[in-house]
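Below is one structure; the comments refer to it alone.
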Amino acid sequence: MAEPVVRIPDAKVALSTASVYPESTATAFEIAARLGYDGVEVMVWTDPVSQDIEALRRLSDYHRIPVLAVHAPCLLITQRVWSTDPWVKLQRARAAAEKLGADTVVVHPPFRWQRQYARDFVTGIWRMADETDVRFAVENMYPWRYRDREMLAYAPDWDVTKEDYRHFTIDLSHSATSRVDAMHMVDRMGDRLGHVHLADGRGSAKDEHLVPGRGTQPCAELLERLALSGFDGHVVIEVNTRRAMSGAEREADLAEALAFTRLHLASPVKVPRP
């Protein structure tokens, strides 16, 4: 048989349930199935369904769309979701992932004011990772900016490559906001890059989460590198569709993001000349 001319990695393309906000978690499963995504990443937040493992299992079974990852409730608006104790949140996220068949828990570094949690975070994440087959993939964040002021809100650091974690998540909207070279950050992550949040940004102080291709981040370049390296993690579309004027416009954005990802997550194979 002839050699293939395109190499496509085993990576699955998932839809973050956050991408349909202000629509519901249930809507995300429906859209992911209709558009042909490989699965979903559940953002655990204030929607009660996102916190209910049995409800998520029923949605997954009904739509025949697997849960590939669980995003622990790390946001300011989720400080009381699944307990106020951050370690309990991570334990529940791990349990949810195990019960739903997901292989990754995404977690942000602690806020700086969570002093004890921040102090123990690196060793604590290693300890939890040793107790399960689920990956804890720590996500890069960014400094908070207002006009000419900058606040370092995360500890040990928003740049997670400065610490020793077993697995990383790269978020290209966050790299835009932090104004770092995303590909250099990926280089530093090396083979510990286990998860990707694909979105775009233009370097605004606001975390934009644009549809890939609409900003300045190397979304296509990253996907092409993942294809060449045989990346076997998940690529998750995590974009902001809050300004969509209708459900149809939201779906069009999510279909465009999926098409962009599948196009670039394929690497031409060099065929030797006869």
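Give, as ranges by residue number, the residues of the stretch 81-102 whose backbone N falls under 11 Å from the point 7 Å along Cα→Cβ of Gln116. Zone members listed by number: 85-87. Pairwise Cα distances in the stretch 150-204 exceed 13 Å in 60 percent of cases. Using a probe radius of 1.4 angstrom, the carbon and sulfur fraction of the accessible surface of the chain is 51%.
Would you mind classifying the stretch 112-154 by shape? Square roots of the alpha carbon gyration tensor eigenvalues, ordered a ≥ b ≥ c; an a/c under 1.5 is rounded, otherwise it is prolate if a/b is larger than b/c and oblate if not. Here the stretch 112-154 falls in the oblate category. Around Glu208, with a cut-off of 10 angstrom between Cβ atoms, what is the net charge of the other residues, counting Lys and Arg +1 and Asp and Glu -1? So the surrounding residues net to +1.
With all protein chains kept in place, the per residue accessible area of the chain amounts to 49 square angstrom at a probe of 1.4 angstrom. What the phi angles of the stretch 191-208 give under the Karplus curve with 6.51, -1.76 and 1.60, with θ = phi - 60°, is a coupling list of 7, 8, 5, x, 7, 10, 9, 9, 7, 10, x, 10, x, 5, 5, 8, 6, 7 Hz, glycine and proline written as x. Counting 0.36 nm for each residue step from Arg242 to Ala220 and taking away their Cα separation leaves a gain of 5.5 nm. Placing pseudo-labels 7 Å out from each Cα toward the beta carbon at Glu131 and Met183 gives an inter-label distance of 4.1 nm. Taking every Cα-Cα distance in the stretch 134-274 and sorting them into 10 Å bins starting at zero, the pair-distance distribution P(r) comes out as 12, 39, 33, 14, 3, 1, 0 percent.
Here the average projected area of the convex hull drawn through the C-alpha atoms of the chain stands at 16.0 nm². Here the 3J(HN,Hα) profile of the stretch 96-102, calculated from phi with Karplus coefficients 6.51, -1.76 and 1.60 at θ = phi - 60°, is 5, 4, 4, 6, 8, x, 7 Hz, Gly and Pro shown as x.
Given their separation in residues at 0.36 nm each and the Cα-Cα distance between them, Leu75 and Arg58 gain 3.6 nm when the chain is fully extended. Each Cα pair under 8 Å and six or more residues apart adds its separation to the average, and for the stretch 119-245 the resulting relative contact order is 21 percent.
Take the alpha carbon gyration tensor of the stretch 100-204, find the square roots of its eigenvalues, order them as a ≥ b ≥ c, and report rounded if a/c is under 1.5; if not, report prolate when a/b exceeds b/c, else oblate. Oblate. For His71, the residues whose modelled amide H falls within less than 5 Å of its own, excluding neighbours fewer than 5 places apart on the same chain, are Val42, Met43, Val44, Val106.
Across the stretch 228-234, computed HN-Hα scalar couplings (Karplus, 6.51 cos²θ - 1.76 cosθ + 1.60, θ = phi - 60°) run 5, 8, x, 3, 10, x, 10 Hz from first to last residue, x flagging Gly and Pro. Short-range pairs are left out: with C-alpha atoms under 8 Å and at least six residues apart, the relative contact order of the chain is 21 percent. Per-residue ellipticity at 222 nm from helix content only, as computed over the chain with -39500 (n - 2.57) for each DSSP H run of at least four residues, stands at -11000 deg cm²/dmol. Under 5 Å from the amide H of Ala153 lie the amide H atoms of Trp144, each residue being 5 or more positions distant or on a separate chain, with H modelled from the backbone and absent for Pro and chain starts.
The values are calculated or read from the model by the stated rules, or taken from the named source; none is laboratory data. Quantities reported herein were computed from a predicted structural model and do not represent experimental measurements. In this analysis, Cβ positions are derived from the backbone assuming ideal geometry, glycine residues included, and neighbour counts consider all displayed protein chains. To get the accessible areas, we keep the full protein, side chains included, count just its heavy atoms, and leave off ligands, DNA and RNA. Shrake-Rupley method; radii C 1.70, N 1.55, O 1.52, S 1.80 Å.
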